1. Can you tell me which of 116-127, 185-196 comes out highest on packing, and rank the rest after it, using the mean Cβ neighbours within 10 Å?
2. Among Pro185, His99, Gly368, whose Cα lies farthest out toward the positive end of the dipole of the chain, if unit charges sit on the beta carbon of Lys, Arg (+1) and Asp, Glu (-1)?
3. If you restrict to DSSP beta bridges whose two residues both lie in segment 247-388, what percentage is antiparallel, to the nearest 5?
4. Roughly what % antiparallel, to the nearest 5, for the DSSP beta bridges in the chain?
5. Using only Cα atoms, what Kirkwood radius does segment 260-366 have, in angstroms?
6. Any chance you could give the angle, 0 to 90 degrees and rounded to 10, that helix 51-62 forms with the longest Cα principal axis of the chain?
7. Could you state how much accessible area Asp463 has, in square angstrom rounded to the nearest 10, with a 1.4 Å probe and all protein chains kept in place?
8. Expressed as a whole percentage, what fraction of the accessible surface of segment 38-194 belongs to carbon and sulfur atoms when a 1.4 Å probe is rolled over the protein heavy atoms?
Amino acid sequence: MSGSCLRTSRRTRSVPSRRLASGQPRLDAILGGGLIDPSIALVAGLPGSGKTVLAQQYAFANGTDQRPAVYLSTVAEPLSKILYFAEGLSFFDAGRIGHSVVFDDLGGSSDAEGLAGVLTRITELVERQPCSVLVIDSFRALRYQSRNAGEFEGFIHELAGRLTATGTMALWLGEYSQDELASRPEFAIADAAIVLATEENGQRESRALRVLKLRGSGFRSGAHAYRIGVDGVEVFPRLSDVADTRYELGRQRASSAIPALDQLLGDGYWPGSATLVIGPSGCGKTVMGLQFIFGGARAGEPGVFASLQENRVQVERMIHGFGWNPDDPGAVVLCDSPNDIYVDQWFYRLLDTLESVRARRVVIDSLGDLAAACPDDKRFREFVYSLLNRCSRAGVSVLVTVESPELYGQTRLSERGVSHLSDNVILLQYLRKDSTMSRALTVLKTRASDHLPQTHEYEITHDGISIGKPVNPV
């Protein structure tokens, strides 16, 4: 980070390479490594979108006693109020206030001398001591100190020139909508522009961060979900990565933990493959998934079972019923309600869990419940595509379940556009036998393998799924 003052402004500088850390690695990844330092970044959003919290994260992540972060409030919100609510955030450190993180108020300067007073005050601050980052909250509120639009535009140009001359990294916060920014001189002057927005989806709200521009750097486009909590702003980059053209996978197959099913699949699953298990309620999809995970744990292949249908009490009761150990460190069980999750956050939590346990297997039960948490079908397909690609590159075998409304016959597969992404498709269904019903299984598809496209009866026993003889054709 640069701390040069006015007398060094004529020095020729190299192409900017330093980055300002946000305190949130995923946000830095969206920004191509972080904001270019020094530069002027505009953080825009309506009230309550998290601008102040994000700026405070930058301040505490970068401020030092030698190069403090300076946070300047204006007439929009009293300084005392900003500090009061900041104290509840986990990164807030009262011992650093006044030393490495300095809060001050521009309200007095603007009231007494208008924008000229503000310009003088900021110039004195950055010339007296180099700072790691200078925050102005709210920048838009300064507009109301001007007599006309021309005076405000002149102030912006002069301030930007002085900040650039001193090598000062600046964050300008303002209550702008994305559509409004196009006509604002602040947006034209700023080197970077980040918009925080809240979007309504039915009865729930979601937050989205967008980078509109970032001079001197690439960045990830599109809407990225974020949440505001005690740890500040947590960002979840949009999952839409493209699969690598070439990557190595092992040649040892992963057993389904059902010997007869392994035979039907052509000796089990390829590592990194995706398997779709589709069938009506009660046919054993969840049992098959649990058997896959706990069978893998016994074979030394850790796995994660992610349930969105049953709560933990129900899942653990089922696990105990089949004689498995719910505390097995090689079989991690995650239970969530589709009514309470945000799909972006859920996916990242799952990816983090897979990495932390070095998982070789993962089950998602069920895909339909996960889709219910995502109001945008296109985004949901992007998430699933990205998850399957990431797992494939890592050699993690995936099994996803989908519930079918048809009990006795199957006229179509997944409505979510997932079947074509799957390497294996297993169909579970019911068969009528006079006054009774039986269950039947068919392997409809296996990529890069010979398989037996026969329909077999199966039972759910105390050991899990047991596959029997083929069904006689009618």
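The values are calculated or read from the model by the stated rules, or taken from the named source; none is laboratory data. Being a predicted model, the structure only gives us computed values, none of them experimental. Glycine gets a Cβ as well: all are built from the backbone with ideal geometry, and neighbour counts include every protein chain shown. All accessible areas refer to the heavy atoms of the entire protein, side chains included, with ligands and DNA or RNA removed. Shrake-Rupley method; radii C 1.70, N 1.55, O 1.52, S 1.80 Å.
1. 185-196, 116-127
2. Pro185
3. 10 percent
4. Antiparallel bridges make up about 45 percent of those DSSP assigns within the chain.
5. Kirkwood radius, segment 260-366: 14.5 Å.
6. Approximately 80 degrees, to the nearest 10.
7. Solvent-accessible area, nearest 10 Å²: 100 Å².
8. Carbon and sulfur: 51 percent of the exposed surface of segment 38-194.
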